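Colleague: What follows is a structure written as structure tokens; I'll ask about it next.
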Amino acid sequence: MRVMPRDKSIRSSWRCDRCGQLVPDLQAGWVEWLAAEDTRGKPKVSGLRLVHRRNTGARSLEPCGCRYNPRDEFRKNRAIVEGLALDRFAGPDGLMLLLSMIAERELPLQELIELAKRVQIPGYEAAHELVHDAVSEGVIAPCISSGFYLQCEIWDVLKWAKSRASAKTSHFEHQNRYFVSH
């Protein structure tokens, strides 16, 4: 049985859905969505995303940073911005919250399931963008189905990505040495 490494970065950072930069820990993250009415007046919830809680980096000049601007969203489609701190979705209580939201169909199902995987599954956030290439290169063949990976598969993808990055760095350094020496 393979054990996932206790690498802090695997579990405690996420990619911001707005700016693409890292959200370094639970306290720096925010999960938000838009609530509005459809054309028949029925509640419609959309736009679930994980973003920076406070203004950071390039987005710090914008009034709401990476988060939805409540005024703009209301003007566009009369939507109200709702959300919770990322830490509310972590751990056993966070999993229970996510499961209750899934059961109640409070948000689009696929978006909730993806958020649950990103927050609850160690290594998923770091590996999910790499899996397609890893499958193409025969590194893994998902046992469950596409989008649902076992811990051993996640570990294999991360190990493969790390060795691939090391090989690229090594090749680049070798080319530079050759170029400099002549």
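The values are calculated or read from the model by the stated rules, or taken from the named source; none is laboratory data. Worth saying up front: this structure is predicted, and the values here are computed from it rather than measured. Positions of Cβ are backbone-derived with ideal geometry, glycine not excepted, and every protein chain shown enters the neighbour counts. The accessibility values were calculated without ligands, DNA or RNA, using every heavy atom of the protein model including side chains. Shrake-Rupley method; radii C 1.70, N 1.55, O 1.52, S 1.80 Å.
Colleague: Could you tell me which numbered condition residue 74 fails, if it satisfies all but one of (1) part of a helix (DSSP H, G or I); (2) under 21 Å from the mean Cα position of the chain (by Cα); (3) of a type in the set (Phe, Trp, Tyr)?
Modeller: (2)
Colleague: Another question, if that's okay. Quick one: is residue 106 closer than 22 Å to residue 21 by Cα, modelled with pLDDT under 95, of a type in the set (D, E, K, R) and in a loop (DSSP other than H, G, I, E, B)?
Modeller: Numbers: closer than 22 Å to residue 21 by Cα: no; modelled with pLDDT under 95: yes; of a type in the set (D, E, K, R): yes; in a loop (DSSP other than H, G, I, E, B): yes.
Taking the combined requirement at face value, the residue does not satisfy it.
Colleague: May I pose another question? Residue 68 passes all but one of (1) of a type in the set (Ser, Thr, Tyr); (2) touching a residue at least 40 places away in the same chain (Cβ under 8 Å); (3) assigned to a loop (DSSP other than H, G, I, E, B); which number fails?
Modeller: Every condition holds for residue 68 apart from (2).
Colleague: Between a first residue in the stretch 34-55 that is over 19 Å from residue 109 (Cα atoms) and a second residue that is of a type in the set (A, V, I, L, M) and open to solvent by 20 Å² or more (accessible area, probe 1.4 Å), which pairs have beta carbons less than 6 Å apart while being 6 or more apart in sequence or on different chains?
Modeller: The qualifying pairs are 53/28.
Per-residue answers, yes or no, for (1) crowded, with 18+ Cβ neighbours inside 10 Å; (2) among the charged types (D, E, K, R):
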{"residue": "35", "(1), (2)": "no, no"}
{"residue": "40", "(1), (2)": "no, yes"}
{"residue": "53", "(1), (2)": "yes, yes"}
{"residue": "69", "(1), (2)": "no, no"}
{"residue": "93", "(1), (2)": "no, yes"}
{"residue": "108", "(1), (2)": "no, no"}
{"residue": "114", "(1), (2)": "no, yes"}
{"residue": "117", "(1), (2)": "no, yes"}
{"residue": "125", "(1), (2)": "yes, yes"}
